[in-house]
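Here is the structure we will look at.
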Amino acid sequence: MPSIHSKKVISCAAFGLFFGASACMAATPTDSQLQALVNDTVTPVMQQQNIPGLTVALTINGQPHYFNYGVAAKDTGQKVSENTLFEIGSVSKTFAATLAGYAQATGKLDLSTKASQLWPELKGSALDNISVLQLGTYSAGGLPLQFPAQWDSSDKMLGYFQQWKPVYSAGSHRQYSNPSLGLFGYLAAKSLGQPFDQALTQTLLPKLGLQHTYLSVPAAQMDLYAQGYDKNDKPVRVTPGALDSQAYGVKTSAVDMLRYVQANLKPETLEASLQKTIANTHTGYYTVGDMTQGLGWEMYRYPISLDRLLAGNSTEMAMQAHKVQWLNPPQPQPHDVLINKTGSTGGFGTYVAFVPSKDVGIVIMANKNFPIPERVKIAHKILSAVAD
């Protein structure tokens, strides 16, 4: 059975979908009913996908609920807890984007600035004509999903950008890309006058109250670092690469990720500069189908059907270029949106989604890279039940 720490129960109405009308006879549902919802949703997927360990964290009206399943490492049998550290893959991009939003909020970064103005070594390259915003919204002109292997290190990435040639005109297409968003975060840190790792861990994370979120897990925390497992169930963890910190390098716990989601749900609880920061990341710049691209985050009008949410998080969306429809001017997102991001490394899978108008959010982290559609289905089912 999973462990559960639940500080507040929720209204019962939505549970009729899953447990019948009898579940709503009491004034409020019990913690066991909430646990049953998560169990019934998660455990079949864990069995089907052979997932060693998984955590689900929910925030409902500001209250955290944690559901922990399986083991953090098969060789030790250590159980998953809300303090277990997971690799979150591309959800790391939202932290890089939040740092950029902070630089923007504090007057250090103008998103219209050309990349080569912030990194003079890029002068004479295609990055003379690419803005920071275009990098941050994957619309620079066709930067690939990954760095080519021969360029995938911190000492070679400059050479890659210097010789890169766009495939599309700047701003015309969305092409999901680690080099694009990674460079966005790198330049944001330059605008703050700090290396990225320092700017994130010493400036931004403390302001957000995140005390167990790392780029490099300290020796004292290694016992909490889950072991990831690849598709063949072999142990694996993320390895260094060009702009890894910015694009896919964050490791964190369910407690910290839920606190991060709560900051995004209720930014009015933060200091003024962070309120502006969150608003910046939730600003919509263009649309592709049902999805509106923010900074790091991807947004949909809520409620949204499962099919539409799956389409927005599909392999096609990640792997192919799509023409974009720019919003002019950029638009602060309405309250009734679902905001989400997926993330994967070789041995981990993550999904984060939240709905500000309902004050609900979910974090799913596993020590196996299981299919994104399964993550989205879990989140959609649970959020649909708990959102009044």
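Normalised by residue number, the volume inside the convex hull of the Cα atoms of the range 73-226 is 135 Å³ per residue.
For the range 162-221, the spherically averaged projection of the C-alpha convex hull amounts to 6.3 nm².
Residue order by solvent-accessible surface for His65, His380, His335 is His335, His380, His65, largest first, with ligands and nucleic acids left out and a 1.4 Å probe. Look at where the Cα atoms of the range 30-46 and of the range 281-330 average out, and the two centres are 29 Å apart. Overall size of the range 151-259 from C-alpha positions, given as principal axis extents largest first: 46, 40, 27 Å. Computed over the chain, relative contact order equals 23 percent, with contacts defined as Cα pairs under 8 Å that lie 6+ residues apart. Counting only Cα atoms, the range 205-280 measures 45, 26, 23 Å along its principal axes, largest extent leading. Taking a span of 15 Å or more along the helix axis (Cα atoms) and a mean Kyte-Doolittle hydropathy of at least 0.0 as the rule, the DSSP H helices of the chain that qualify are 92-105, 178-191, 254-265, 372-386. With the Kirkwood sum run over all distinct C-alpha pairs, the range 236-388 has a hydrodynamic radius of 16.3 Å.
For the chain, the convex hull drawn through the C-alpha positions has a volume of 130 cubic angstrom per residue. Taking the inverse of the mean reciprocal distance over all distinct Cα pairs, the Kirkwood hydrodynamic radius of the range 40-133 comes to 17.3 Å. Which one, Ala115, Ala96, Ala149, has the greatest fluctuation when you compute a Gaussian network model over the chain with C-alpha springs under 10 angstrom? Answer for the Gaussian network model of the chain: Ala149.
The values are calculated or read from the model by the stated rules, or taken from the named source; none is laboratory data. In this text, all values refer to a predicted model and were calculated from it rather than measured experimentally. Keep in mind that these areas ignore ligands, DNA and RNA; they rest on the heavy atoms of the full protein, side chains included. Shrake-Rupley method; radii C 1.70, N 1.55, O 1.52, S 1.80 Å.
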